[in-house]
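Reading through the structure tokens given below for one structure.
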């Protein structure tokens, strides 16, 4: 690692988003997603699966009150991943073991939203929720409603399967965000008390365990960055140091011995420093890798950073869909083996692409690598945006690249692939995760250090950075043009990423081009006009990926496009795009020349040149698919 | 139905196989499979999963002895699909609920083998097994070792999940075969006593249930054909009449009500006469359809026959692999929806293709339809033969059309797809089923009635039919030539199927060609030389099948060919065959002109014409794949 490359993202409160494309999304989150989620957490949505999240905090608060009063408190089993009236007493914990995290994600999204748009009513709702959350905290700082309600004596006893450290992580992230947005420190204090308990409980002289679902690592670093308390950073490093050591902590707890490598699902099969491939549950993976990057940077830990680099390369070179989706298999919602990227069986969870963006930003803060920033763009404009309906009221968890509604209905292997976005899930990870990412999108655009200011993503905004104030006017998604007004506070080097899809670019000011960035020496006020165009491209996927031979994907600027049955009729596999398809570009639509192969009536017949009819192929941005009811969709088209 | 079209297959004892290609297979079964299976049934194979099949009969025999002596007999639970030392008492039943059927399939294969090749030692081994089987029969005729050993009071209480009627079916088929081969009627008498119990137990005034795993229907018809006892035929019809009636029998037993159609897995979702699509567990399906065809013919039941026709058409037009494999999904080992025929996820069980041949023969006995006989050929020469290794010592249950060993190992969705044949399974359905089909292959070649004699399959043999004696010399698999010497017993019409893959054929004698058969009026002794050639063909799969666009399969005569890594290197998806590939034909090998696409190092790149290197593509018959260790295999090749 070269410390000169280090940079930090610019705090959200110094960024005001002005980009109409993104304002529309952040407004959807503010007006639709956050209020809807508030109702969902309170179980006020008719016909939706119950969340129980707020109810659990009420129950846990009551438990804490009774404990303080010395009243007797019952014990219930804490031995399942999900609890409802069929397997739990009415007074016991209900919902998924990680249900608390939905409340924290909501609070985090609210915090970012308050930074963008002051809303006293929303703020007071959030404060009431925080009061409720804090009422459920045990005297020693512990807070996970499953164990508070069900069994105080079993806390931290099953780190592999249960989610106390995961819920802590989301609590800490929400606490920092809420304090940052409002100056209110009640939740932050509570999170620090929980963090202090963790620091005391885990360590060389304590439990030598680590989270089964990672996030605590990066959350502890965030808490350290915010509070300066070194013990939080040390705890993050401890979790990474202990992970995957043999004999496995999880085996020791279970009293067994794993002969072969195991715990791939939890990325605990070997020590993080020795990992070089993205494996296991994809969301867990990218959350761990984010924490690893954080720790690598703060400890100047080359070995750990190189592991992160290898993992990031493995994802970008062999395990990522063209849409920035990751996690190719539903089994364990996991990374599959290299080049196994089936279109129709994809898991490609929205949360995993969000986590990939977390990981990528941290890698960029260690070293600006244009391909990594490209990956943020790829994930953001395609899989992440695809996660939410145009009206902000329904969501995809799974983001396939090919959908046949009949298959989703009849083929158990594709039951996870939904042809339309779903209202809300009992396991509501993706919508609130989307909400917190979109409301904090500014955090992913810029990084700086004392000499350099980088623009990685092109979103219209006003930025107060250390080196300069920026006014960025962007029509990037429409025509690839960005105008950047720079008011420098001192001499510095300004760097603008050149998107990898762009072969022809133009800057109004002379620049030095190096490794995917254009560098400008800034002394005075200036305006840099950037023009990347939005050439429509046909993208080939490596022929190592078996699903995509003799097919292409169409992209325009940051967007991957797809074909839908609503525009092109049934049996999208019969479409063939021309080699020179004369693309006609409209808003949210591209028309291309192509053909439709005549249907072969006979299942098996002598081969002859297929009969083709000319056909116009209509493509729409992938992120807009599934907004017109159930229909076939495909990203890849035959050529 | 037109009764003039009816015909019957020629009994096995009137057919002597002389074809070197098939003699090799029947000899493998005789010398390898039957002795190996005998050891397996007796649990004498080191390291193999235990069968427990003979052991169960020993235990059941002991139970029967004690019952006769009035001794006390314990009761064990009969509530699982599989029993071993982990979940069952040592004295209780072990193995799968259908384990008895393996013994019967072995006896059936032995019977056919004895017809072909007298073997006193084998015959006396079989008689000893029959003695053991009969010792386990209850006084009332009941014989299923699970219930005999574990609980006599619960017989016929769970028809949906347990396999008493299935085991009865295999017992009856074995009994008829053994009597036919040896004249020994001990097993036949036992089967009739069990059949009599079934006739008494089920019916309008008894249990109105039907088998969860079908076969009893066709077995009862076989028993009727052999004994002339009308009640057996009526019982077969009863099972078909009751199946799928609402309210569902299975619901009544379970005390619940299925709101939507259910029991597709068991083909009991609706009445057989109303079925028009092949659904559910594929082996169950084709066994039921075989019984339906039997009953349709014997009762002249047009409605039932038309259901069979629709189902057969559905299979042939929309649900069958080019290899004659059926059952596209591992989930329920079942038919998937129309045109869902993935190559790499295929289940395509050997037993299902065997059952398809049973069904097809019965349909041909109602009406000779060349496509149906083609389907027998397709299944027989590809999926069925593929099931057994060249040395007869290992077996495929699942017959995929594309294999990547890494995927079978790492991808849980493909764990059923084995890259090499397996030694023996605890659930040993396929090897003994293969053994009984191959040893009785003559039954599938000819049908006749008083005016007509049909040749559906071309296997060198001597045949004593009602209309004529035939001497058939065949080099069909080598060069598509067959010479048929006919010694007529009277005037009749002789019909020879013209294989659907054959565009140019020649007969040495004038014929009338109609609907895929060549018809010859026979008065005198004559020799008909048939020449179908063995043109190598490129076959296109309908573009309704998404997996096969822009790909072809190569066939030669009855054989589908495939490419293997052993001949063509890794990454078979990079091969492209030329449009005019100048096929060079060798024994068990075809060389074709083609190309290898250069590997794309980058996962996503701008599309340009792929770089191709000339390459010779070497193909081998599909049935021979996987005989050279683990490697990639693919039937379809890019064009």
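Exposure proxy for A:196, B:529, B:550, A:524: other Cβ atoms within 10 Å of each Cβ, ordered fewest to most, give A:524, B:529, A:196, B:550. How tilted is helix B:164-182 with respect to the longest principal axis of chain B? Cα atoms for both, answer in degrees (0 to 90, nearest 10). On a 0 to 90 degree scale, this one is about 80.
On a full-extension model of 0.36 nm per residue, what is the gain between residue A:139 and residue A:616, subtracting their alpha-carbon distance, rounded to one decimal in nm?
In short, 165.0 nm is gained.
Taking one quarter of the surface of the convex hull spanned by the alpha-carbon atoms of the protein assembly as shown gives a direction-averaged projected area of 51.9 nm².
Label reach from residue A:512 (point 7 Å along Cα→C-beta): in the range A:1-20, amide nitrogens under 17 Å belong to A:4-6.
Residues in the range A:14-30, backbone N under 20 Å from the label point at residue A:487 (7 Å along the Cα-to-beta-carbon vector): list them, ranges by number please. Zone members listed by number: A:14-19. Here the range B:579-595 and the range B:30-99 have alpha carbon centers that stand 51 Å from each other. Helix B:302-318 versus the longest principal axis of chain B: what angle, 0 to 90°, nearest 10, using Cα atoms? Taking the Cα atoms of chain B, the angle to B:302-318 is about 40 degrees. Under 11 Å from a label point set 7 Å out along the Cα-to-Cβ vector of residue A:246, no amide N atom of the range A:193-217 is found.
Using the beta-carbon distance between residue B:157 and residue A:276 and R0 = 41 Å, what value does 1/(1 + (r/R0)^6) give for FRET efficiency, to the nearest 0.05?
0.15
In chain B, the beta-carbon sitting nearest the axis that superposes B on A belongs to the residue given here with its distance in angstrom, B:550, 2.
Annotation for residue A:74, label-to-label distances across the other copies: 4.0 nm (shortest first, one decimal, point 7 Å from Cα along Cα→Cβ). Roughly how many Å is it from the Cα centre of the range B:518-556 to that of the range B:180-229, as a whole number? So the two Cα centres are separated by 39 Å.
Annotation: the residues A:452, B:388, sorted from fewest to most other C-beta atoms within 10 Å of their own C-beta, follow the order A:452, B:388.
In plain terms, the residue of A:501, A:607 with the fewest other Cβ atoms within 10 Å comes first and the most crowded comes last, giving A:607, A:501.
Full extension of the chain segment joining residue A:338 with residue A:58 gains 96.2 nm, where the gain is 0.36 nm per residue of separation less the Cα-Cα distance. Distance from the C-alpha centroid of the range A:457-489 to that of the range B:428-468: 81 Å, rounded to the whole angstrom. Across the copies of the chain, residue A:601 has label points (7 Å from Cα along Cα→Cβ) spaced 5.1 nm apart, shortest distance listed first.
Label-point spacing for residue B:39 across the identical copies (point 7 Å from Cα in the Cβ direction), in nm and ascending order: 7.0. Using the Cβ-Cβ distance between residue A:44 and residue A:227 with R0 set to 45 Å, the FRET efficiency from 1/(1 + (r/R0)^6) comes to roughly 0.80.
Bear in mind these aren't lab numbers, they're just calculated from the coordinates by the rules spelled out. Everything quoted here is computed from the prediction, not taken from an experiment. Note that we place each Cβ from the backbone using ideal geometry, even for glycine, and neighbour counts take in every protein chain shown.
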